[in-house]
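Okay, so here's the structure we're looking at.
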Amino acid sequence: MKITVIGTGYVGLVSGACFSEFGFEVTCIDKDKKKIDALNKGNPLIYEPGLESLVKKNMKTGRLKFQNSFTDNIKKSQIILIAVGTPTQRNGHANLEHVFDAAKQVAPLLSGYTVVVNKSTVPVGTAKRVFSILKKNQRNADFDVASNPEFLREGSAIEDFMRPNRVVIGVDSLKAKRIMKELYRPLFLIETPIIFTSPQTAELIKYASNAFLATKITFINQIADLCEKSGADVHDVAKSMGLDKRIGDKFLHPGPGFGGSCFPKDNLELAATARALGSPIGLIEEVISFNKSRKKKMARKIILACGNNVKGKKIAILGLTFKPNTDDMRDSPSLDIIPALQKAGAKIQAYDPEGMDQAKGYLRGIKWCNNPYEALDGAEALVFLTEWNQFRALDLKRIKKTLKKPTIIDLRNIYVPEQMKKMGFKYISIGREAV
């Protein structure tokens with residue numbers, strides 16, 4: 001089977017590389033020549049563990065190719081995956097311009113029966129709109145439009161694709177269902193649940209899933225605030241809650257708020273769609289509002305820990321990306337927290353293992369450091385914003401010696417309060433008593 005993937009962003013590149021690993025012939029198309037030139041050299045411009053080696057391996061076999069123009073190879077493809085960006089507009093709705101543009105460019109090249117698959121995260125009703133665009137631009141084509149949302153976690157995307165919890169496929173015809181079954185046949189061997197439903201249901205499943213996970217994060221963050229007021233320990237609360245199988249332990253980790261390419265924009269789109277259809281979801285509206293305010297609250301927490309005054313003080317920041325094992329800065333809490341500290345007069349010294357090149361496009365006036373200890377030099381306090389593994393066993397004696405004052409604000413709860421107290425640190429974390 002031959003597959004064309006339109007878009008080599010996070011979803012498109014991971015999907016293309018993984019489908020080629022399954023044994024399919026995959027051509028990835030992107031109009032960004034810089035991306036394609038880099039990929040043809042085996043160099044993805046995004047960081048994802050295992051992705052570069054997977055790309056190089058399948059390029060070598062000839063199963064994975066990259067190009068920056070629409071050519072007749074599309075005519076030979078049984079499946080065309082649209083995996084382009086759907087950024088948020090000011091009104092909260094997803095911008096589908098790139099999805100519709102891809103459909104317009106694909107339409108004249110359709111030949112033989114083809115399944116055009118929306119792999120991008122798109123709102124309810126998009127499959128029907130893509131079908132109309134294709135039909136308008138190629139009346140004689142034989143095709144179906146399917147919805148196949150992705151559920152990839154950045155930092156674990158390869159494993160999530162190869163061994164997913166489930167695959168959701170929205171189709172309107174038996175013919176499309178047969179083709180999509182063949183596409184995911186390798187996963188039948190490991191008994192992956194494959195859910196076939198309508199396109200509009202598949203579209204909503206994606207948004208409902210992300211909204212629920214974002215709600216869990218928001219819930220535990222609100223419980224963490226209560227724990228700080230009452231003297232309870234949020235980790236014990238979360239662990240005990242998670243042992244209840246009806247609840248589960250995933251996403252019950254307190255922190256500075258959620259970010260990334262999915263949760264913020266998907267919640268905004270779901271809320272906007274619900275309002276537009278006359279069925280507003282107040283719970284999701286509150287999740288959006290609380291998460292926005294939480295990041296500002298975390299900046300105030302840091303300032304308060306520094307004597308309620310950071311003017312002229314150096315603050316060491318470890319971790320910039322929204323989560324570890326990615327270089328993705330989109331909607332990262334650091335993008336709200338650091339500017340707030342700078343506005344209060346702080347001088348920021350920052351280090352992130354993978355995200356600094358991306359961060360430089362978002363943040364200004366920062367001293368970029370080569371390692372964690374360089375960021376500590378002369379700093380009044382250390383702030384953890386991302387829980388990279390390499391931050392979990394830092395030399396605490398060296399940290400204490402390097403900091404001007406032994407103050408740590410740990411917004412990811414990497415360390416144990418009792419240990420920090422014994423070491424002589426002023427240690428502030430989330431949902432636990434300060435020591």
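On inspection, ALA107 qualifies as more than 23 Å from the chain's Cα centre (by Cα), hydrophobic (A, V, I, L, M, F, W, C), assigned to a helix (DSSP H, G or I) and farther than 25 Å from CYS262 by Cβ. When residues in segment 1-39 are screened for being in contact with a helix residue (DSSP H, G or I) (Cβ under 8 Å, 6 or more places away or on another chain), within 13 Å of GLN67 (Cβ to Cβ) and surrounded by fewer than 24 Cβ atoms within 10 Å (Cβ to Cβ), 2 of them pass. Is it true that ALA38 is among the hydrophobic types (A, V, I, L, M, F, W, C), within 22 Å of PRO324 (Cβ to Cβ), modelled with pLDDT of 95 or more and not assigned by TED's automatic domain parsing to the domain that holds MET329? Here the answer is no, as ALA38 does not meet what is asked.
Table: residues versus (1) more than 22 Å from LYS296 (Cβ to Cβ); (2) surrounded by fewer than 18 Cβ atoms within 10 Å (Cβ to Cβ).
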residue	(1), (2)
PHE322	no, no
ASP331	no, no
PRO339	no, yes
ALA359	no, no
TYR362	no, yes
CYS369	yes, no
PRO372	yes, no
GLU380	no, no
PHE391	yes, no
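Quick one: would you say PHE290 is at pLDDT 95 or above, closer than 30 Å to GLN342 by Cβ and part of a helix (DSSP H, G or I)? Spelling it out, PHE290 is indeed at pLDDT 95 or above, closer than 30 Å to GLN342 by Cβ and part of a helix (DSSP H, G or I). Residues in segment 296-313 that are outside any loop (DSSP other than H, G, I, E, B) and either small (Gly, Ala, Ser) or under 20 Å from PHE212 (Cα atoms) (or both): ALA299, ALA305.
The residues of segment 6-58 that are in a loop (DSSP other than H, G, I, E, B), more than 20 Å from the chain's Cα centre (by Cα) and hydrophobic (A, V, I, L, M, F, W, C), listed by number, are PHE22, PHE24.
In segment 422-435, the residues that are under 20 Å from HIS235 (Cα atoms) reach residues that are in a loop (DSSP other than H, G, I, E, B) and hydroxyl-bearing (Ser, Thr, Tyr) with C-beta atoms within less than 9 angstrom, at least six apart or across chains, in these pairs: TYR427/TYR415; SER429/TYR415; VAL435/SER429. The single condition among (1) within 29 Å of ALA238 (Cβ to Cβ); (2) assigned by TED's automatic domain parsing to the domain that holds LYS239; (3) among the aliphatic types (A, V, I, L, M) that MET356 does not meet is (1).
Among the residues of segment 147-159, just one is touching a Gly at 6+ places or on another chain (Cβ under 6 Å) and either modelled with pLDDT under 95 or within 14 Å of LEU81 (Cβ to Cβ) (or both), namely SER147. When we screen LYS75, LYS60 for residues that are within 24 Å of ALA176 (Cα to Cα) and either in the same structural domain as SER261 (by TED's automatic domain parsing) or surrounded by fewer than 15 Cβ atoms within 10 Å (Cβ to Cβ) (or both), the only hit is LYS75.
Looking at segment 273-281, is at least one residue touching a helix residue (DSSP H, G or I) at 6+ places or on another chain (Cβ under 6 Å) and more than 27 Å from GLN89 (Cβ to Cβ)? Within segment 273-281 (the criterion being touching a helix residue (DSSP H, G or I) at 6+ places or on another chain (Cβ under 6 Å) and more than 27 Å from GLN89 (Cβ to Cβ)), the answer is no, since none of the residues qualifies. Return yes when SER132 is free of Cβ contacts under 8 Å to residues at least 12 places away in the same chain, loosely packed, with under 15 Cβ neighbours inside 10 Å and farther than 21 Å from PHE161 by Cβ and no when it is not. It is true that SER132 is free of Cβ contacts under 8 Å to residues at least 12 places away in the same chain, loosely packed, with under 15 Cβ neighbours inside 10 Å and farther than 21 Å from PHE161 by Cβ. If you take the residues in segment 358-396 that are in contact with an Asp or Glu (Cβ under 7 Å, 6 or more places away or on another chain) and in a helix (DSSP H, G or I), which one is nearest to ILE414 (Cα to Cα)? Here the residue is ALA359. Do we find a residue being touching a Gly at 6+ places or on another chain (Cβ under 6 Å), of a type in the set (D, E, K, R) and without any contact (Cβ under 8 Å) to a residue 24 or more places away in the chain anywhere in segment 262-285? Looking through segment 262-285, none of the residues is touching a Gly at 6+ places or on another chain (Cβ under 6 Å), of a type in the set (D, E, K, R) and without any contact (Cβ under 8 Å) to a residue 24 or more places away in the chain.
Taking the criterion of being hydroxyl-bearing (Ser, Thr, Tyr), crowded, with 17+ Cβ neighbours inside 10 Å and in contact with a Ser or Thr (Cβ under 9 Å, 6 or more places away or on another chain), the only residue of segment 167-225 that qualifies is TYR207.
Scanning segment 133-180 for residues that are of a type in the set (Asp, Glu) and either part of a strand (DSSP E or B) or closer than 23 Å to ALA211 by Cα (or both) turns up ASP144, GLU150, GLU154, GLU159, ASP160. For segment 341-353, a residue qualifies if it is in a loop (DSSP other than H, G, I, E, B) and surrounded by fewer than 19 Cβ atoms within 10 Å (Cβ to Cβ), and the qualifying residues are ALA344, GLY345.
Residue pairs whose Cβ atoms lie under 8 Å apart, sitting 6 or more positions apart in sequence or on different chains, and linking a residue in segment 38-56 that is without any contact (Cβ under 8 Å) to a residue 12 or more places away in the chain to a partner that is among the charged types (D, E, K, R), are ASN43/GLU52; LEU45/LYS34; LEU45/LYS35.
The values are calculated or read from the model by the stated rules, or taken from the named source; none is laboratory data. Quick caveat, the model's predicted, so the values are computed rather than measured. Note that we place each Cβ from the backbone using ideal geometry, even for glycine, and neighbour counts take in every protein chain shown.
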